[in-house]
Amino acid sequence: MRIGVLTSGGDCPGLNAVIRSIVHRAVADHGDEVVGFHDGWRGLLEADYRKLDLDAVGGILALGGTILGSSRVRPEHLRDGVERARGHVADLGLDAIIPIGGEGTLKAARLLSDAGLPIVGVPKTIDNDIASTDVTFGFDTAVGVATEALDRLKTTAESHQRVLIVEVMGRHTGWIALHSGMAAGAHAIVVPERPFDIGELAELVGRRFQAGKRFAIVVVAEGAKPREGSMEFDIGGKDVYGHERFAGVARQLSLELEERLGKEARPVILGHVQRGGTPTAYDRVLATRFGWHAVEAAHRGDFGMMTALRGTQIVLTSLAEAVEHLKTVPMERYAEAECVL
Ligand code: F6P
């Protein structure tokens, strides 16, 4: 069998572990050939690829990023490129393509799968927002990075009697905010799933100071927005891929809280540090299992499917189901954190 692999969308710790696992299972166990397309869908559309043998994936299990490179693609470019992709798949004699990516990549994978290309998807995103898998690899690493940052920020916040508003990633969902906030004992957690009321937030943080505490840590997901009419808010615009370009919720919250509480406040934006560097052991294992199962699915001819974690089992789920909706934080999960709005 000849298998093509690509990584697309925002990178994520564990991508290299999937690539390595696919090559090990396919080449070493099945005697397949594997090629890797460069920079996501662009590599497939332009037939820009290289052969991936066992040597090519040596030493990459613990490496962050992706040895293949990644990029985002505009949906209309991909739609226009379906026939070109089909031509390259035929010319290269590919029997299966394994795209590894998040929401946008999986939607693109579905488009190509519906057009008849042999696709098995692998979900990835630090945001953990892909429906139909319990967890995506990269999330555990991102939560670990954010938690360590929060732990560190507590000491400087206390020294200066400040409110630190820490912005973590999470465009549509607050999984990283919720988990890191709970793990680090943040004093308020703000998620996109529940638009915040600035008055309520100021009161929650203010109560802490009234109780004699000298600092407060607020964790906010980058995509969080105020309840309509509760505060003036710059929501930013859209980038060329149709993604929201945020105007800085932490910065806006810090100005507002400083004024309302009369306490010094500072925004801290963790940004891409959450996505960089070595994956945790959990993410390496999940990524490795996804790679192994994706190869098996390709050998069985289970196309139009995606690997997913359910409980402790790796299962296949249809790409159609996977992209139907995002997995948001349920309010009963949010309620379990003691510092919610
Ligand atoms: O989707 C993953 C993610 O890391 C989001 O959490 C974040 O909003 C986005 O990617 C950032 O994208 P970019 O790297 O293009 O700025």
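The values are calculated or read from the model by the stated rules, or taken from the named source; none is laboratory data. Bear in mind the structure is a predicted one, so any value in this text is a computation, not a measurement. Note: ideal-geometry Cβ built from the backbone for every residue, glycine included; neighbour counts use all protein chains shown. Surface areas here come from the heavy atoms of the whole protein model, side chains and all, with no ligands, DNA or RNA. Shrake-Rupley method; radii C 1.70, N 1.55, O 1.52, S 1.80 Å.
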*Checking residue 324 against (1) farther than 22 Å from residue 152 by Cβ; (2) modelled with pLDDT of 95 or more; (3) not in a helix (DSSP H, G or I), which test does it fail?*
(2)
*asked:* Out of the strands (runs of 3 or more DSSP E) lying entirely within the stretch 1-98, which hold 2 or more residues that are open to solvent by 40 Å² or more (accessible area, probe 1.4 Å) and closer than 23 Å to residue 303 by Cβ?
replied: 49-51
*Which one of these is out of contact with any strand residue (DSSP E or B) (no Cβ under 9 Å at 6 or more places or on another chain), more than 17 Å from residue 10 (Cα to Cα), modelled with pLDDT of 95 or more and in a helix (DSSP H, G or I): 260, 284, 289?*
260
*Residues of the stretch 103-127 classified as at pLDDT 95 or above and within 10 Å of the ligand (Cβ to nearest atom), total*: 4
*With respect to the numbered conditions (1) free of Cβ contacts under 8 Å to residues at least 60 places away in the same chain; (2) open to solvent by 60 Å² or more (accessible area, probe 1.4 Å); (3) in a loop (DSSP other than H, G, I, E, B), which one is the sole condition not fulfilled by residue 241?*
(1)
*State which residue pairs qualify: first residue under 30 Å from residue 62 (Cβ atoms) and within 16 Å of the ligand (Cβ to nearest atom) and inside the stretch 256-283, second residue hydroxyl-bearing (Ser, Thr, Tyr) and in a helix (DSSP H, G or I) in any location, beta carbons under 7 Å apart, and separation of 6 or more residues or different chains.*
279/141; 283/141
*How many residues, within the stretch 207-250, are under 26 Å from residue 142 (Cα atoms) and more than 16 Å from the ligand (Cβ to nearest atom)?*
5
